[in-house]
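Heads up: the structure comes next, in structure tokens.
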Amino acid sequence: LGKYCVLHAGVVVGSDGFGFAPNSSNEYKKVPQVGNVIIKDHVEIGANTTIDRATIGSTVIEKGVKLDNLVQIAHNVEIGENTVIAAQTGISGSTSLGERCVVGGQVGFAGHLKIANGTQVGAQSGLGKSVTEENQRLFGSPVQPLKDELRSQIAFRDLPKIKDKVDAVEREIQKLKESK
């Protein structure tokens, strides 16, 4: 644990990661979690946040990271310097967030992803693949560039009107075919 860190009530650091492997009987056996957690200087961790220790190696929270309440950091995750993560976000195992990322509340990250420096992710988004381009603003589930997601939401809201127009055009085409 680094210098000048704040851990709020109910924080759990170093719990077992979610590591299970199926055996020949299709039963799940626990994989030993023998790694550790490294928390660097000036980190603040909100109430009831859980940070799992690594399976092997380290789960790393870099300098200046701020985690809100109820954040789940899985085994072998790495969070880059000065990244902020809002409440109820879950980061699956072996995912790496770059420096200066901003993550809204209730965001879900699949495992084994690499998220580029400066990535901003809107609330309730879901990331199932890595983000390679720096400083992107993303939103939605699945996540896409913010502007594209907002345009999609507007189009979706207008979909009933668009369908009515298409139906009307199809009726007119049918009338023209019948009149010939």
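The values are calculated or read from the model by the stated rules, or taken from the named source; none is laboratory data. Please read all numbers here as calculations on a predicted model, not as lab measurements. Cβ: placed from backbone, ideal geometry, glycine included. Neighbour counts: every protein chain shown. The area values use the complete protein model at the heavy-atom level, side chains included, leaving out ligands, DNA and RNA. Shrake-Rupley method; radii C 1.70, N 1.55, O 1.52, S 1.80 Å.
A few notes on this one:
- Cβ-Cβ contacts under 8 Å between residues 6 or more apart (or on different chains), taken from a first residue in the range 153-180 that is exposed (fewer than 10 other Cβ atoms within 10 Å of the Cβ) to a second residue that is aromatic (Phe, Trp, Tyr), are absent.
- Residues in the range 10-34 that are exposed (fewer than 12 other Cβ atoms within 10 Å of the Cβ) and on the phi > 0 side of the Ramachandran plot: 1 in all.
- The range 137-152, subset in a helix (DSSP H, G or I) and open to solvent by 70 Å² or more (accessible area, probe 1.4 Å), residue farthest from Ala123 (Cα to Cα): Arg151
- Exactly one residue out of Ile73, Ile45, Ile79, Ile39 is touching a residue at least 40 places away in the same chain (Cβ under 8 Å), open to solvent by less than 60 Å² (accessible area, probe 1.4 Å) and either of a type in the set (Val, Ile, Thr) or over 22 Å from Val102 (Cα atoms) (or both), and it is Ile45.
- Output for the range 1-23, where each listed residue is of a type outside the set (A, V, I, L, M, F, W, C), part of a loop (DSSP other than H, G, I, E, B) and either at pLDDT 95 or above or within 21 Å of the chain's Cα centre (by Cα) (or both): Gly2, Lys3, Tyr4, His8, Gly10, Asp16, Gly17, Gly19
- Qualifying residue in the range 92-101 (condition: among the small types (Gly, Ala, Ser), open to solvent by 30 Å² or more (accessible area, probe 1.4 Å), free of Cβ contacts under 8 Å to residues at least 24 places away in the same chain and outside any strand (DSSP E or B)): yes
- The numbered conditions (1) within 16 Å of Ser96 (Cα to Cα); (2) open to solvent by 80 Å² or more (accessible area, probe 1.4 Å); (3) not charged (D, E, K, R) are all true for Ile51 except (2).
- Single condition Gly118 does not satisfy, out of (1) open to solvent by 30 Å² or more (accessible area, probe 1.4 Å); (2) in contact with a Lys or Arg (Cβ under 6 Å, 6 or more places away or on another chain); (3) farther than 26 Å from Gln33 by Cβ: (1)
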